[in-house]
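Let me begin by presenting the structure, written as structure tokens, before commenting on it.
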Amino acid sequence: MVDAIFDPVEGVISRQIKRGGKVTIAGFGTFDRRSHKAREVNSVFTGRTVKVKARKIPGFRAGVTFKDALK
């Protein structure tokens with residue numbers, strides 16, 4: 001059951017985030033999708049400016065109950 005929810009490829013959370021939605025687990029936290037704009041950064045290896053493409057990444061925001069449990 002847990003694998004069906006948290007599987008990184010075909011899990012419930014992954015499918016929902018791919019669609020642009022978010023998944024909230026009460027007392028634990030919220031999984032969502034965040035966007036990073038295209039930008040230029042300096043390469044630490046060459047010192048040259050490198051273009052980084054826009055991308056979407058998974059995000060997680062811990063719930064209050066989870067945060068309190070870790071104190």
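For segment 23-71, which residues satisfy the criterion of being basic (Lys, Arg) and in contact with a Ser or Thr (Cβ under 8 Å, 6 or more places away or on another chain)? Across segment 23-71, the qualifying residues are ARG55, LYS56, ARG61.
Looking only at segment 1-48, filter to residues that are hydroxyl-bearing (Ser, Thr, Tyr) and exposed (fewer than 13 other Cβ atoms within 10 Å of the Cβ); which one of those is nearest to ALA62 (Cα to Cα)? Write out each step before concluding.
Taking segment 1-48 as the starting set, the residues that turn out to be hydroxyl-bearing (Ser, Thr, Tyr) are 14, 24, 30, 35, 43, 46.
Still in the list and also exposed (fewer than 13 other Cβ atoms within 10 Å of the Cβ): 24, 35, 43, 46.
On the way: THR24: 10, SER35: 19, SER43: 32, THR46: 37 Å.
Once the filter is applied, the top-ranked residue is THR24.
Comparison of GLY11, GLY27 shows that the only residue that is at positive phi and out of contact with any strand residue (DSSP E or B) (no Cβ under 7 Å at 6 or more places or on another chain) is GLY27. For beta carbons closer than 6 Å, sequence separation of 6+ or different chains, a first residue in segment 45-60 that is at negative phi and a second that is among the charged types (D, E, K, R) and surrounded by fewer than 10 Cβ atoms within 10 Å (Cβ to Cβ), the qualifying pairs are THR49/GLU40; LYS51/GLU40; ALA54/LYS37. Filtering segment 1-38 to residues that are of a type in the set (A, V, I, L, M) and more than 25 Å from VAL52 (Cα to Cα) leaves MET1, VAL2, ALA4, ILE5, VAL12, ILE13, VAL23, ILE25, ALA26.
Picking from residues in segment 33-62 that are modelled with pLDDT of 95 or more, in a loop (DSSP other than H, G, I, E, B) and touching a strand residue (DSSP E or B) at 6+ places or on another chain (Cβ under 8 Å), the one that is nearest to LYS18 (Cα to Cα) is ALA54.
Here PHE60 meets each of (1) in contact with a helix residue (DSSP H, G or I) (Cβ under 9 Å, 6 or more places away or on another chain); (2) of a type in the set (A, V, I, L, M, F, W, C); (3) surrounded by 10 or more Cβ atoms within 10 Å (Cβ to Cβ) with one exception, condition (1). If you go through segment 4-32 and keep only what is over 10 Å from the mean Cα position of the chain (by Cα), of a type outside the set (Ser, Thr, Tyr) and not in a loop (DSSP other than H, G, I, E, B), you end up with ALA4, ILE5, PHE6, VAL12, ILE13, ARG15, GLN16, LYS18, VAL23, ILE25, GLY29.
The values are calculated or read from the model by the stated rules, or taken from the named source; none is laboratory data. Please read all numbers here as calculations on a predicted model, not as lab measurements. Cβ coordinates were reconstructed from backbone atoms using ideal geometry, including for glycine residues, and neighbour counts include every protein chain displayed.
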